[in-house]
């Protein structure tokens, strides 16, 4: 029996013991989409089979470090949404690409030169192959699409299935079998094929597997071609399609939208869809995936209040709401802080809003937990890089995608000034992050950090950890003392790494962009860098204020408090948890989506 079906009801989470006589009289079984399930009652079985689900589409989903189908914040956010939906027992199914060769595995030379290698994984070793397939037409060829099932089970009992779409199917041409290999790989043609598989293939596969869908939620525009399939099904009734679709936009500039020339689209896309008058939705010059999702979704949201305001200017005439991102509290709270929260804030994992009570935790225990997390990071750094950090020294963390607008080297703009700060209070820094293989500027930034580290090695320890992933992110956001973030406004639509840090009492020091505009209470939850986004200043003036804040606050506020007033520093840590973590958490985000987007 155990080999045939799950021993938790996938609807209510009730533990099922088929060996118990009374239980055996109540349980029922059914095969759904090729997978056999046990239900605690006929009522739960009926809900599972008949209730429409939320279909959540994302090009990348970071559910675990062992499934490397994510590149950064977008995918990790998607994984957190899946986890929170399971916590809340929301009837959801998530769809993404198998990305069998991952994003890439990063190796760094002694000079900081990035080398990329496939980050391969085999779905057959850990996932269940769904028996039904579908086909999509690409370049006049019929391409088979199969799905691998991963079931994320929450401790609350809720379960969300994730379907990893895959074209590595017998019968497909060698070229077509590679479509779902590389996340964000290849040229525009390759990417467009991937988006056909995700959007059109995803909708068709849900039908084949028997899923009934209440709403289609597009996490960024990569899956927007699903609207073509829906338009075809709804006899070109755009209003019906809009009612079905939810779109979350993350990209704050038009230049970064996925756009495809119509000449290429006509060569690659199924001729059946070319009959649709989709230029009115997707743009006249190119097929713009963001416009397509925007114009065919009734509910559209940005991912912070600042991003919403900017998006409304970018898309005049569209009503764009704001749902500021959050993180999955249990996932991103390190083990020692989980234990501490269990002691003083029972039920926090199921109800993260209770973290507001963190102010009641004794200072000594907060510091002891942080010091253990810091030692765990220091041990990891030494093992992976050979650099031995000092646990008594103020440690600054900076880890995110290596690209120009993130400005990972801003803190090195004035080395003389930085060394003056270091004399008043010792600093050490830990960096991490991958540059996209085609991002020349991003790779250059990594090399520059290596060069700066070498120039100041006698005064300051700086280390760059290679192959940034979810595991390293967890160690960094819990083990450093200060979390630094210096993007060019308004490029940081939201950002979530600082929220993860706050869950572990790490203090944020960030440019006022994205979520930090909402989370920063100066000197209480952390510190800001630079002017408020609503201040009218030139780029040159902004940079000047940013550098002044960066160095002066480090020298006159941050290092003196860290070294000279431990109780005040711990109050900052507790404020980070009680005033930031309790609110910027993904369950609150999902409750917003449920009430505002899903049930209407």
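Every number in this text was worked out from the coordinates using simple rules, so none of it is lab data. Bear in mind the structure is a predicted one, so any value in this text is a computation, not a measurement. Here the Cβ positions follow ideal geometry from the backbone for every residue, glycine too, while neighbour counts run over all protein chains shown.
Below, the figures for the structure above:
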quantity: Cα gyration tensor category, rounded, prolate or oblate, for segment 487-600 with a/c compared to 1.5; calculated: oblate
quantity: Relative contact order (%) - criterion: Cα under 8 Å, at least six apart; region: the chain; calculated: 13
quantity: Label-point separation in nm, residue 565 to residue 274, each point 7 Å along Cα→Cβ; calculated: 7.0
quantity: Shape category assigned to segment 170-278 from the gyration tensor of Cα positions, a/c cut at 1.5; calculated: rounded
quantity: Distance between modelled label sites at residue 256 and residue 420, nm, 7 Å Cα→Cβ extension; calculated: 3.4
quantity: Over the chain: helical MRE at 222 nm, DSSP H runs n ≥ 4 each giving -39500 (n - 2.57), nearest 500; calculated: -10500 deg cm²/dmol
quantity: Inter-site label distance for residue 126 and residue 540 at 7 Å from Cα along Cβ, in nm; calculated: 5.3
quantity: Extended-chain gain in nm, criterion 0.36 nm per residue less alpha-carbon gap, residue 321 and residue 591; calculated: 95.7 nm
quantity: Sorted by Cβ density within 10 Å, fewest first, the residues 140, 414, 376; calculated: 140, 414, 376
quantity: Order of 449, 600 - criterion: other Cβ atoms within 10 Å of each residue's Cβ, fewest first; calculated: 600, 449
quantity: Segment residue 65-residue 117, length gained on full extension (0.36 nm per residue, minus Cα span); calculated: 17.1 nm
quantity: Contour excess over end-to-end distance, with Cα ends at residue 388 and residue 556 and 0.36 nm allotted per residue; calculated: 57.8 nm
quantity: Prolate/oblate/rounded call for segment 373-583, Cα gyration tensor, a/c under 1.5 rounded; calculated: rounded
quantity: Of [x] -0.40, -0.92, -1.15; [y] -0.32, -0.89, -1.26; [z] -0.30, -0.92, -1.42, the label for log10 I(q)/I(0) by the Debye sum over Cα atoms at q = 0.06, 0.10, 0.12 Å⁻¹ derived from the coordinates; calculated: [y]
quantity: Cβ-based exposure ranking for 588, 483, in which fewest neighbours within 10 Å come first; calculated: 588, 483
